[in-house]
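Visitor: Here it is: the structure, laid out below.
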Amino acid sequence: MSYPMKIRATLSGDKVEVKALIAHEMETGFRKDTAGTLVPAHYIQLVTIQCNGKSVLSAQWGPSVSKNPFLTFRFSGAKKGEKLNITWQDNLGETRSDEVAIT
Amino acid sequence: MQITRRKLLRLGSALSVLCITAGSALFRTGSAWASDIWNKNAFSAKAVDEVLKAFGGTHAQPSSEITLTVPEIAENGAVVPVIIESKLLNTRAIHILVEKNPFALSATFDIPPGTDPYIGARIKIGSTSNVYALVRTDSGFFITQKEVKVTLGGCGG
C-alpha cells in the first residue's frame, strides 16, 4: 500500500506554487540487498497533475529520480479553494491519486 | 437434475479460473496504458545524443537562457536537488539528463500553456558527472550543462 502524498499549493500573486512530496521507494533495479540479491526495479513512470480537470503538468520519470520524490513548479490561472489533483502510476501498475485545495 | 458435490466443486473451480483470467486481463490493460505513454526508447538510452534522437531531435543548441541550478559538490548522490528554469519562448518540455548514469535520462516534464517553464526536483547521480537540462521549444532543442561532483554514489549499494 502506498502512503498519501504531501501536497501544498499556495497562491501568491496570480501564480500557484505547488510543492509535492510523493512517498515511493523508487527502486532502480541495480541495488542489492543485504543477502546480495538484486532488488527488482520499482519506480514511478507517469505523473499527471490537474487543476479543475485541466492538465497543468505531466511528467515521465525513470528510476533515477530520488526515493520519495519531491517536485516543485508554478502555474497561473487558478483561484483559491480550487482543487489540485496529482496522480502517479508506477512500472508495476500501482497507482495513487491525491487531491488538495489551493490556499 | 441433481447437484452432486462433485459437480459443485467443478463449477467452483471453473468460476475461479475465470475470475483469475479476467483479473489478469484487467491488470495487463492497466500497465499497457502506462507503457504506451512512457517513452521507453528515451529512458533506455545510454548517451545524451541517443536521448535527443529518441525525442526526435537531431541537434541541441547550447543556450544561456536556461538556468540549471545544481550543487557543485553533492555529498549524497542519492538526493541531488535540481532546479531548471527556461527563459526561452514557447518552452514545451524540460528534460533532466545525467551523463554517467546507467540510463542518461532521469525525468521529463511536459509544460502546458499557463505553467511556468520552471521545475524543481531531486535526482540520483551515480558518480561525478555532467548534468544536462534539455529544453524543447517550438524552434527546436536547447541544452545547458553543469558538473556535479559526487562523493557518495546514488546507485547501487
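We did not get these values from a lab; they are worked out from the coordinates using the rules stated. Everything quoted here is computed from the prediction, not taken from an experiment. Note: ideal-geometry Cβ built from the backbone for every residue, glycine included; neighbour counts use all protein chains shown.
Visitor: By average Cβ neighbour count within 10 Å, what is the ranking of B:109-117, B:55-63 from highest down?
Guide: By packing density, highest mean first, the sequence is B:109-117, B:55-63.
Visitor: Please give the FRET efficiency for A:SER55 paired with A:THR95, using the beta carbon to beta carbon distance and R0 = 25 Å, rounded to the nearest 0.05.
Guide: The computed FRET efficiency comes out at 0.90.
Visitor: Could I ask something else about it? What is the average number of partner chain Cβ atoms found within 10 Å of a Cβ in A:50-60?
Guide: Across A:50-60, the average partner-chain Cβ count within 10 Å equals 5.
Visitor: Distance cut-off 18 Å, Cα to Cα: go down the list B:LYS87/B:LYS149; A:LYS32/B:LYS100; A:LYS67/B:LYS146; A:LYS15/A:LYS54; A:LYS15/A:LYS83 and report the pairs above it.
Guide: In this structure, B:LYS87/B:LYS149; A:LYS32/B:LYS100; A:LYS67/B:LYS146 exceed 18 Å between Cα atoms.
Visitor: Taking the simple approach of a point 7 Å from Cα along Cα-to-Cβ for both A:VAL39 and A:THR87, what is their distance in nm?
Guide: 2.9
Visitor: Grab the beta carbon distance between A:LEU21 and B:THR4, set R0 = 51 Å, and tell me the FRET efficiency rounded to 0.05.
Guide: Given R0 = 51 Å and the Cβ-Cβ separation, E is 0.30.
Visitor: Moving on to the next point. Under 5 Å between amide hydrogens, which residues at least 5 positions from A:SER66 or on another chain qualify, with H placed 1.01 Å from N in the peptide plane?
Guide: Under 5 Å from the amide H of A:SER66 lie the amide H atoms of B:ARG122, B:ILE123, B:LYS124, each far enough along the sequence or on another chain.
Visitor: Can you compute the modelled spin-label distance between A:LEU11 and B:GLU50, with each label point 7 Å from Cα toward Cβ, in nm?
Guide: That separation, rounded to one decimal, is 4.7 nm.
Visitor: So what are the ³J(HN,Hα) numbers for the range B:131-138, from phi and the Karplus equation (6.51, -1.76, 1.60; θ = phi - 60°), rounded to whole Hz, Gly and Pro as x?
Guide: Running phi through 6.51 cos²θ - 1.76 cosθ + 1.60 with θ = phi - 60° gives 10, 10, 10, 9, 10, 9, 10, 5 Hz.
Visitor: To continue, here is another question. Within 10 Å of each Cβ in peptide B:102-108, how many partner chain Cβ atoms are there on average? Round it to a whole number, please.
Guide: On the way: counts 6, 4, 2, 4, 6, 10, 5.
Rounded to a whole number, the mean comes out at 5.
Visitor: For the range B:72-157, which GluC sites (Glu not before Pro) are in a loop by DSSP, counting at most 12 other Cβ atoms within 10 Å?
Guide: For GluC sites (Glu not before Pro) across the range B:72-157 that sit outside H, G, I, E and B with at most 12 neighbouring Cβ atoms in 10 Å, the list reads B:GLU72, B:GLU75.
Visitor: How high is the FRET efficiency between B:ASP36 and B:SER127 when r is their beta carbon distance and R₀ equals 35 Å, given to the nearest 0.05? Spell out each step's value before the answer.
Guide: Details: r = 33 Å, r/R0 = 0.95.
For B:ASP36 and B:SER127, the calculated efficiency is 0.60.
Visitor: Name the residue from A:SER64, A:ALA35, A:ASN52 whose Cα lies farthest towards the positive end of the charge dipole of chain A, charges +1 on Cβ of Lys and Arg and -1 on Cβ of Asp and Glu.
Guide: The residue sitting farthest along the positive end of the dipole is A:ASN52.
Visitor: Return the sequence-ordered ³J(HN,Hα) values of the range B:69-85 in whole Hz as given by the Karplus equation 6.51 cos²θ - 1.76 cosθ + 1.60 applied to θ = phi - 60°, using x for Gly and Pro.
Guide: Per residue, the Karplus-derived 3J(HN,Hα) values read 10, 9, x, 5, 10, 10, 5, 10, x, 6, 9, 10, x, 10, 10, 10, 10 Hz.
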